[in-house]
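Read the figures in this text as sums done on the coordinates, not as results from a lab. Bear in mind that the values here come from a model prediction, so they are computed numbers and not experimental data. Here the Cβ positions follow ideal geometry from the backbone for every residue, glycine too, while neighbour counts run over all protein chains shown.
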Amino acid sequence: APTTLHYPYEVPRSAALFERAREVTPGGVNSPVRAFQAVGGTPRFLTAGAGPLVTDADGREYVDLVNSWGALLHGHAEPTVLAAVREAVERGTTFGAPTTGEVRLAEAIVGRVPAVERVRLVGSGTEATMSAIRLARGVTGRPAVVKFAGCYHGHVDALLASAGSGAMTLGLPEGAGVAAAQVADTIVVPFNDIEAVRAAFERHGERIACLVTEAVPANMGVVPPRPGFTAALAALCREYGALFVVDEVITGFRVGPGGWCELEGVEPDLLTFGKAMGGGLPAAAFGGRAELMDRLAPDGPVYQAGTLSGNPLATAAGLAALRLADDDLYARLDTAASSIADAASAALSAVGVAHRVQRAGNLFSVFFTGDEVTDRAAAGAQDTRAYAVFFHAMLARGVYLPPSAFEAWFVSGALDDAALARVHAALPAAAEVTAE
Ligand code: PLP
């Protein structure tokens, strides 16, 4: 962890809570990146959120550019979403039997995403990708999975090989506890390198059940696919009889109503969703063509299940969030992303800090490197210490960025002029601190 950062103020309540948390929870957190290990300092314990803002235990307020890692499209405590959850909670929190909300949310997803005819709801993005690759193996009768270095698909054993997000932040690309047998059928290739993918298919084609990719890799920072790359992956999968599985857990319902693949005009065989589709509650999904999805239990032989899958509170929140995601929302997300990305770049350029702002729709992140970042190796070559300094300088000025250089910055529709003005005000000074 960085050693000589600027921590210009104390956060005694967060510090005390972190100490307590560490006594009873490994590392004090329930998901590794929250611990601030990549940036140093004390993780802020958040007590409330309202629109674009969050408040920590010490009463400090921040403009939130994490938005629960993309789960919040509309910012915090959006009134319509809250009302839907309140209405649902009064009728009981879980049944373990079919409910209307599940049908409505599934219809909303099928209605928005052209490649999805049937969808199964699950509890987390991890479950969604785990289940999608099980289905791909079940349908094809083949064992192998191709994935990209730096792509993160949750903590699925087979997909932790060279994963992004916390695994990359903490330098744990393989991960203890994953048996060699569990990754023996995982083929890892560099992103944006179609020749490497072709070579993998030429060598292992008959054994490959599926290729899985993030629609836009956003767990090594944002690394847009080169033009035509996604379509070329789809074509290779078709050629070899493998399924093309696209993880839209981050991009789904965020970069546009139908996700990234709709923007690119590519139709994957299977897609996974999470984050935004839950409206801030735990919900995720995987879906695709009917003939594939119908191979799942109870109609088919591929088993998949969940006690709280399709939970009524989560489906109510998700449906409310998706209904609010209209053209106007996407226009506001794009405007907010442009505004912040451009201002960050201008501020860093003004003081001569080498950087690249990489964008795919309203997803973006700032890399502290002079070179274009097209894959994991390039992402790993950035100056993570500079990011840590910049992160703390922004935090001190009331802007909460992702506490790792290997994550996307997430905007929400709640970022109003006042919130954007705060971000704009913080950037030049934070850039100057980073240049020192
Ligand atoms: N897929 C992608 C692209 C993700 O970014 C994530 C989480 O960050 C996941 C899957 C896993 O989702 P979850 O954390 O809900 O298990």
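Rounded to the nearest 20 debye, the dipole magnitude of the chain is 620 debye, with +1 charges on Lys and Arg beta carbons, -1 on Asp and Glu beta carbons, and the Cα centre as origin.
Compared with the alpha-carbon gap, the fully stretched path from THR94 to ALA381 is longer by 98.7 nm at 0.36 nm per residue. Compared with the dominant principal axis of the Cα atoms in the chain, helix 384-396 is inclined by about 60°. Within the shell defined by Cβ-Cβ distances under 15 Å, the residues around PRO79 carry a net charge of -1, with Lys and Arg each +1 and Asp and Glu each -1. Taking a virtual spin label 7 Å from the Cα of LEU308 along the C-beta vector, which residues in the range 8-32 bring their backbone nitrogen under 15 Å of it? Counting only backbone N, you get 30-31. Taking a Cβ cut-off of under 10 Å around ALA316, the surrounding Lys, Arg, Asp and Glu residues balance to a net charge of +2, with basic ones at +1 and acidic ones at -1. Placing +1 on the Cβ of each Lys and Arg and -1 on the Cβ of each Asp and Glu in the range 79-324, which of LEU313, VAL122, HIS153 has its Cα farthest towards the positive end of the resulting dipole? Projecting each Cα onto the dipole axis, the largest value belongs to LEU313. Based on the Kirkwood approach, the hydrodynamic radius assigned to the chain is 22.0 Å, with every pair of different Cα atoms included. Would you mind checking the range 251-269 for residues with the amide N under 16 Å from a putative spin-label position 7 Å along Cα→C-beta of SER338? Residues passing the 16 Å test: 256.
Compactness of the range 359-401, taken as the C-alpha radius of gyration over 2.2 N^0.38 Å, stands at 1.28.
The modelled label-to-label distance for the pair GLU195/ALA176, using points 7 Å beyond Cα in the direction of Cβ, is 3.9 nm.
In plain terms, the chain is cut at each of the chymotrypsin sites (Phe, Trp or Tyr not before Pro) found in a DSSP loop with at most 16 other Cβ atoms within 10 Å, and the longest leftover piece is 96-302. In loop segments of the range 33-115 as defined by DSSP, the GluC sites (Glu not before Pro) with at most 14 further C-beta atoms inside 10 Å of their C-beta are GLU90. Mean 1/r over all different Cα pairs, inverted: what Kirkwood radius does the range 79-324 give, in Å? Evaluated on the range 79-324, it is 18.1 Å. Note on TYR9 and SER349: the extension gain reaches 119.7 nm, defined as 0.36 nm multiplied by sequence separation minus the Cα-Cα distance.
For the residues ILE250, ILE340, what sequence is obtained by ranking on other C-beta atoms within 10 Å, fewest first?
On the way: ILE250 29, ILE340 24.
So the residues, fewest neighbours to most, are ILE340, ILE250.
Given a Förster distance of 25 Å, report the FRET efficiency between ASN30 and ALA290 from their Cβ-Cβ distance, rounded to the nearest 0.05. Efficiency, from the Cβ-Cβ distance: 0.10. Summing charges over neighbours of ALA128, with a neighbour being any other residue whose Cβ is under 9 Å away from its Cβ, gives -1 when K and R count +1 and D and E count -1. Global size of the range 267-312: 12.0, 32 Å for Rg and Dmax (C-alpha atoms, Rg to one decimal, Dmax whole).
Backbone amide hydrogens, once placed in the peptide plane, bring ASP247 within less than 5 Å of THR213, GLU214, ALA215, THR272, excluding anything fewer than 5 places away on its chain. Sequence-ordered 3J(HN,Hα) estimates for the range 234-246 from the Karplus curve with 6.51, -1.76 and 1.60 and θ = phi - 60° stand at 4, 5, 4, 4, 4, 4, 9, x, 9, 8, 9, 10, 10 Hz, glycine and proline given as x. Multiplying the residue separation of VAL110 and ARG226 by 0.36 nm and removing their Cα-Cα distance gives an extension gain of 39.0 nm.
For the range 79-324, the dipole from Cβ point charges (+1 on Lys and Arg, -1 on Asp and Glu) about the Cα centre works out to 260 debye, to the nearest 20.
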